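Notes follow the structure.
Throughout, read-outs are computed from the coordinates displayed, never taken from laboratory work. Worth saying up front: this structure is predicted, and the values here are computed from it rather than measured. Because the Cβ atoms are built from the backbone with ideal geometry, glycine has one as well, and the counts that use them run over all protein chains shown.
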Amino acid sequence: MGDQQPPDDSGQLPVLKLKSALEERYLNYALSTITQRALPDVRDGLKPVHRRILHAMRLLKLEPGQGYKKSSRVVGDVIGKFHPHGDQSVYDALVRLAQDFAVRYPLVDGQGNFGNIDGDSAAAMRYTEARLTDVAGRLLEGITEDAVDFRDTYDGEDNEPVVLPSNFPNLLANGSSGIAVGMATSIPPHNVAELCDAALHLIKTPNARTETLVNYVKGPDFPTGGILIDGEQSIINAYETGRGAFRCRARWESEDTGRGGYQIVITEVPYQVPKARLVEKIADLLIAKRLPLLRDVRDESDENVRLVLEPKSRVVDPIMLMESMFKLTDLESRISLNLNVLTKGAVPRVLGLGDTLREWLDHRKEVLVRRSNHRLRHIEHRLNVLSGYLIAYLNLDEVIRIIRQEDNAKSSLMAAFNLNDVQAEAILNMRLRALRKLEEVEIRTEFDGLTVEKAKIEELLGSDPQQWQVISTQIRDLRKAYGQDTKIGRRRTTFEDAPVANLEDIQTAMIEREPVTIILSEKGWIRALKGHTTDIEGLTFKTDDRIKTWAHAQTTDKLFLVATNGKVFTLLADKLPGGRGHGEPVRILIDLEESADILDLCVHVPGTKRMIASDIGNGFVVGEEAMIANTRKGKQVLNVTGEQEAKIFVKAEGDMVAVIGQNRKLLVFSRDQLPEMGRGKGVRLQRYKDGGVSDVKLFNAEDGLTWTDSSGRTYTKKGEELLEWQGERAQAGRQPPTGFPRNNKFKG
């Protein structure tokens, strides 16, 4: 009240502080959204709108096996009596309860167009009809026997159930989803037979661990089937914490089309993925050339799903094709688990699998006790009436006399035979035909039977183990009705390990393979020309810039950029700027230090080895796979210090190494003396008094050492001709042969 100022004498309304008023109203809205709209009750798995729909349909006598009624009649009763919201929102909720592709165990039996898996909406409510299913009947079972509490409806003219008796683990069986204020819920559907097995185990072992329960509840069971590819530990963690996710893939098979060809046929799509939208997205990716392994997609579905994927050619690996499809399309879907529910009908909490089932079992026990007490009260009332009847039969003539002659027959009967009000009223209401002898025998039989039943109920109410035994029997009956051998109960979603496919191969498969020519300029501008061009001289560059190096590649290739600081960067050929213009500065694509420059560029060829060396002559051999960098920062391969720089980067093909220094000394030694490393400083290649290395070449001894002079003439020295320069690694070497280029390079 401190924020509210009283009205003055003018009679104006009180003044509220805006901040406190907004806080109070928003809090009320948030609580209403959480408890009355978005989150399901852990006991029956229903939100208020769904609970009210089922309750209204029960009052309309739309039980399973009875006739259908127009959906508009149901919606009218729901919004008129229980749920004062828009009719379309109520009808949408009703429609979803009837969709066997959206709800694992439908609660509404719909007649007419209730939508389809393509994502088409249902017909208007005036055209469709509905009634309850057997599952809904189980949720409502015992609702007239004081099984649950009722509360007044919004207008106070009627009442509605706070929760349903729920002889069905609906929360986990059908799942739920919703977004509240500051919280959300997402519960995938499960197999009810598995839930029953887990519940029976929990009754025997209340403190069962999640690892044990997962032996029964192996994972979600979606109405549209599909394949779960999550590991067991991931599933256990999700069920333990109540938070996680499941990866569901479409079910597919390879169908032979003859002459060595095949096509992929998809028979099940992931849960909540509209089939028509899925086909549209695949077609869009085809047009955008992002699915180079795929030629065409067709939807040949009737009442069963049948999507046909036609590969580009018969040599395309079907697993590689599907892995690329799973990566780019909704053929693989991530379904989240967030077991955020209302406990005790009001408190939102995130529960694990075990806690969720325990809450349902505790509710079932409470329902059993309440129904038993309700039955006990009825039996006691009936026994009281039957006791009065038996007294009347024993004193029939006197009873008739009192009724005929006494002015106040009721009081006289109560005084004469020590009857209570209920018994006297029952005797006065007896029909004459009930006075026959046979009726007396039937009453005695009923009295004895009810007496036995009363004793059993009293024994049940006094025994906790007996109560759990009754609940176990109910759960076994449910499991039998919806077991794995029934059409609706069999598990639809299966489990598989995802095929082991190389991630790089998958990424490569998603790129249209085309030839390109990579151009790198002296000032570090890079571009990719379409095709394998050889007209390098005709290329244009920015002012004061010219070509540094170039390479032929495919758009599926990786490129290595070697920097003078010893780092190697990895670029994807399909991600390079096009050939129009001068390209882009390479520093935009990689994080290259200002003091460093690009030494060389090459195309990654798996299995290839390279030799890298610093300007002072330290180097080693490294496999190209070890140089691949997954980030813009690159990978440090050659360790250099101070003013040192990486200077040599050549193919390591051959069994001999030729090194020439700036001092014009040539040394040839065996490649065996070079270590192979993933990273390091390397070993000394040649000894210098001053200066450093000028060039390095690896070659095969039997082919000889070849070099080209500035005039283009080629020289070769083999075998004994090279003995003069052969030695051990780190020696000084000797002056090169006559004709060796003056620039001290093997290619003049």
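Applying 1/(1 + (r/R0)^6) with r as the Cβ-Cβ distance of Leu390 and Asp464 and R0 = 35 angstrom yields a FRET efficiency of 0.45. In terms of the mean number of neighbouring beta-carbon atoms within 10 Å, the peptides 136-142, 205-211 order highest first as 136-142, 205-211. Between the C-alpha center of the range 114-148 and that of the range 55-89 there is a gap of 9 Å. In this entry, the range 110-198 is assigned a mean projected area of 9.4 nm², taken as a quarter of its C-alpha convex hull surface.
For the Cα atoms of the chain, what angle does the longest principal axis make with the long axis of helix 464-481, in degrees from 0 to 90, nearest 10? Computed tilt is about 70 degrees. Only Lys, Arg, Asp and Glu carry charge here, each on its Cβ (+1 for the first two, -1 for the last two); on that basis the range 357-481 has a dipole of about 580 debye about its Cα centre. Estimated from the Cβ-Cβ distance and a Förster radius of 51 angstrom, the FRET efficiency linking Lys718 and Ser234 is about 0.25. The long axis of helix 48-59 is offset from the longest Cα principal axis of the chain by roughly 40 degrees. Taken one residue at a time, the phi angles of the range 376-392 give Karplus couplings (6.51, -1.76, 1.60, θ = phi - 60°) of 4, 5, 5, 5, 4, 5, 5, 4, 4, 5, 5, 4, x, 4, 5, 4, 5 Hz. Gly and Pro are set to x.
Counting every C-alpha pair in the range 552-698, the share spaced more than 18 angstrom apart comes to 57%. Modelled label positions at Lys609 and Lys747, each set 7 Å beyond Cα in the direction of Cβ, lie 2.2 nm from each other. Test of understanding: extend the Cα→C-beta vector of Asp149 to 7 Å, then name every residue of the range 337-355 with backbone N under 16 Å from that spot. Backbone N within reach: 342-348. Simple spin-label estimate for Ala21 and Arg37 gives 2.2 nm between the two label positions (7 Å along the Cα-to-Cβ direction from each Cα). Based on every Cα atom in the range 523-601, Rg and the maximum pairwise Cα distance Dmax equal 12.4, 34 Å.
Scoring 289-296, 68-75 by mean Cβ neighbours within 10 Å over their residues and listing the highest first yields 68-75, 289-296.
For the chain, the longest principal axis of the alpha carbon atoms and the long axis of helix 437-461 meet at an angle near 40°. For the peptides 35-42, 599-606, 191-198, residues were scored by their other Cβ atoms within 10 Å and the scores averaged per peptide; the highest-first order is 191-198, 35-42, 599-606.
Stretched out straight at 0.36 nm per residue, the stretch from Ser254 to Ser313 would grow longer than its current Cα-Cα span by 19.9 nm. The residue list Val605, Asn618, Thr716 was ranked by how far each Cα lies along the charge dipole of the range 512-722 toward its positive end, using unit charges on Cβ atoms, and Asn618 comes out on top.
Each residue of the range 357-481 gets 138 Å³ once the volume of the Cα convex hull is shared out per residue. Panel note: the C-alpha atoms of the range 339-400, placed on their principal axes, show extents of 70, 19, 8 Å (largest first). The residue list Gly137, Thr706, Ala455 was ranked by how far each Cα lies along the charge dipole of the chain toward its positive end, using unit charges on Cβ atoms, and Thr706 comes out on top.
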